[in-house]
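The values are calculated or read from the model by the stated rules, or taken from the named source; none is laboratory data. None of the values given here were measured: they were computed from a predicted structure. Cβ placement follows ideal geometry from the backbone for every residue including glycine, while neighbour counts extend to all protein chains displayed. For accessibility, only protein heavy atoms count, side chains too; no ligands or nucleic acids. Shrake-Rupley method; radii C 1.70, N 1.55, O 1.52, S 1.80 Å.
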Amino acid sequence: MPTSETTPREPLVPRLRGLGTSIFAEMSALALETGSINLGQGFPDVDGPDVIKQAVVDAIWAGRNQYPPGMGVPELRHAIADHQRRFYGIELDADTEVLVTAGATEAVAAAMLAMVDTGDEVIALEPYYDSYAATIAMARGVRVPVTLHAPDFALDVAALRAAVTERTRVILLNTPHNPTGAVLSRADLAAIAQVAVEHDLVVISDEVYEHLTFDGAVHVPIATLPGMADRTVTISSAGKTFSFTGWKVGWVTGSPELVTAVRTTKQFLTYVSAGPFQYAIAEALALPQHVYTDLRDRLQAQRDLLCAGLAELGLEVYVPRGTYFVTTDVRPLGWDDGLAFCRELPARCGVVAIPHQVFYDNTAVGRPLVRWAFCKQPDVLGDALARLREGRLAR
Ligand SMILES: Cc1ncc(COP(=O)(O)O)c(C=O)c1O
């Protein structure tokens with residue numbers, strides 16, 4: 001019989017324990033405590049174009065403030081379909097093959113909950129974006145890692161093949177890839193497609209960095225490969241492309257069957273979100289090419305600045321071909337553990353970065369790796385580099 005003396009039961013279910021405090025919360029708290037420059041979290045410190053901001057204000061004043069339709073406002077669904085045709089030649093029915101979500105995060109969660117059952121195996125590229133492990137656990141699935149290795153973090157096709165079992169249900173992809181900055185090649189994607197077709201698997205492809213590729217690297221949606229249109233759930237989001245990460249307008253595209261499955265869970269997670277922002281992103285997606293490329297070019301210059309500075313400091317730098325992030329190996333500076341490095345860095349230098357190892361099951365592989373965000377203004381990156389030069393960076 002419980003009494004007032006009894007310790008209350010642990011409220012969190014066992015499979016979700018350990019997900020409590022993310023590395024981002026820990027490192028952001030450290031940044032605040034120490035007045036550090038935060039190169040941990042992936043959000044830009046300059047907003048996207050004014051014309052897109054104005055579109056939200058206009059939508060609010062036009063009275064578009066009540067629940068949007070469950071699939072998303074038609075203007076945005078059509079804009080997403082037009083975007084997929086314009087950039088990739090993908091033809092979609094905006095009424096049945098496009099679903100608007102609360103960011104890519106909700107899209108991933110809804111897809112997992114819709115398609116993964118107890119004990120089903122989900123193959124994911126490791127290091128993972130952190131919500132993947134959580135949503136696989138929520139769906140009671142089993143995470144099966146395929147590790148991407150430095151220096152180029154290319155796919156190990158043999159490892160992918162070896163990871164497939166009778167219980168495999170989904171391959172969860174992310175390209176361009178956070179945190180490594182790798183952009184999967186067409187050949188790698190073809191190998192994944194072959195495995196998916198052979199074993200009748202669904203591919204969930206998170207492409208939120210689709211427009212943020214550098215040095216001419218080309219993003220290829222796996223849905224464009226033969227046999228993949230009907231077995232790929234493609235996910236993206238406006239946050240990264242247009243530098244409005246706080247707006248949380250994401251989307252899912254795919255066959256009517258796949259989109260309907262995701263909509264089934266999504267409708268009971270949030271039902272709908274962010275009405276006025278949906279109208280603004282509809283306008284944003286239709287903006288001319290230079291809006292996309294200007295944002296990307298600015299980011300590439302920031303990448304170059306940070307990568308060159310980190311290399312000068314003696315870190316091994318794996319120059320990324322996409323995303324907001326660069327990965328380094330800290331061993332040349334005498335460290336063997338990126339987590340210890342990141343925990344000490346704020347006090348030593350006044351800068352925050354993120355250790356890779358928390359994104360791995362095979363933590364030994366990620367142990368010496370550290371991620372730095374370059375989606376910050378050049379003077380902020382310059383200040384961070386100056387602090388790293390002046391502080392005690394070496395062990
Ligand atoms: C790979 C990846 N997927 C999804 C997201 C989240 O996207 P959203 O803000 O649209 O939910 C992020 C954000 O960092 C990401 O890096």
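Between the alpha-carbon centres of segment 1-60 and segment 70-99 there is a gap of 31 Å.
D for segment 81-210, whole µm²/s, Stokes-Einstein with Kirkwood Rh over alpha-carbon pairs at 37 °C and 0.692 mPa s: what number?
The estimated diffusion coefficient comes to 214 µm²/s.
With contacts taken as Cα pairs under 8 Å and at least 6 residues apart, the chain reaches a relative contact order of 23 percent.
At a 1.4 Å probe, what is the % contribution of carbon and sulfur to the accessible area of segment 150-204? Let's see the in-between values first.
Numbers: 1090 of 2140 Å².
The computed percentage sits at 51.
Summary of packing: across the peptides 233-245, 183-195, 284-296, the per-residue average of other C-beta atoms within 10 Å ranks them, highest first, as 233-245, 183-195, 284-296.
Distance between the pseudo-spin-label points of D93 and T34 (7 Å out from Cα toward the beta carbon): 5.5 nm.
Quick check: net charge around M112, other residues with Cβ under 12 Å of its Cβ, Lys/Arg +1 and Asp/Glu -1? Spell out each step's value before the answer.
Working: positive: R140, R143, R169, K266; negative: E106, D117, D120, D206.
With Lys, Arg at +1 and Asp, Glu at -1, the net is 0.
Hey, which aspartates and glutamates would be in cross-link range of K248, C-alpha to C-alpha under 19 Å, not counting anything within fewer than 8 residues on its own chain? Straight-distance partners of K248: D45, D47, D50, D58, E75, E106, D130, D206, E207, E210, E283.
Please calculate how many Å² of accessible area the chain carries per residue, with a 1.4 Å probe and no DNA, RNA or ligand atoms counted.
On the way: 16710 Å² over 395 residues.
I get 42 Å² per residue for this part.
The C-alpha atoms of segment 172-268 occupy a region whose extents along the principal axes are 37, 36, 19 Å, arranged from largest to smallest.
If you count, for each residue, the other Cβ atoms within 10 Å and average over each peptide, how do 310-323, 94-107 line up from highest to lowest?
The densest-packed peptide leads the list: 94-107, 310-323.
For the pair segment 292-330 / segment 135-206, the C-alpha centres are spaced 25 Å from each other.
Rg ratio for segment 238-298: its Cα radius of gyration over 2.2 N^0.38 Å, N being its residue count, equals 1.33. Using C-alpha pairs under 8 Å with a sequence gap of at least 6, the mean separation divided by the residue count of segment 152-283 gives a relative contact order of 19 percent. Please label the shape of segment 94-153 as rounded, prolate or oblate, based on the square roots a ≥ b ≥ c of the eigenvalues of the alpha-carbon gyration tensor (a/c under 1.5 means rounded; beyond that, a/b larger than b/c means prolate, else oblate). Oblate, since a/c reaches 1.5 and b/c is not below a/b. P(r) for segment 241-395, from all Cα pairs and a bin width of 10 Å, is 9, 29, 25, 22, 12, 1 %, short bins first.
The calculated 222 nm mean residue ellipticity attributable to helices in the chain amounts to -13000 deg cm²/dmol, summing -39500 (n - 2.57) over DSSP H runs of n ≥ 4 and dividing by all residues.
Using a probe of 1.4 angstrom, how much of the accessible area of segment 216-362 is carbon and sulfur, in percent? List each step's numbers first, then the result.
Values: 2790 of 5300 Å².
C and S atoms contribute 53 percent here.
State whether the chain is rounded, prolate or oblate according to the following rule on the C-alpha gyration tensor (a ≥ b ≥ c being the square roots of its eigenvalues): a/c under 1.5 gives rounded; otherwise a/b larger than b/c gives prolate, and the remaining case gives oblate.
Numbers: a/c = 1.35, a/b = 1.20, b/c = 1.12.
Note, shape of the chain comes out rounded.
What percent do you get for the relative contact order of segment 193-254 when only Cα pairs under 8 Å and 6+ apart count?
Details: 93 pairs, mean separation 20.6, N = 62.
For segment 193-254, the relative contact order is 33 percent.
Cα centroids of segment 219-283 and segment 355-395: 31 Å apart.
Sorting the segments 67-76, 10-19, 109-118 by their residues' average number of neighbouring beta-carbon atoms within 10 angstrom, most packed first, yields 109-118, 67-76, 10-19.
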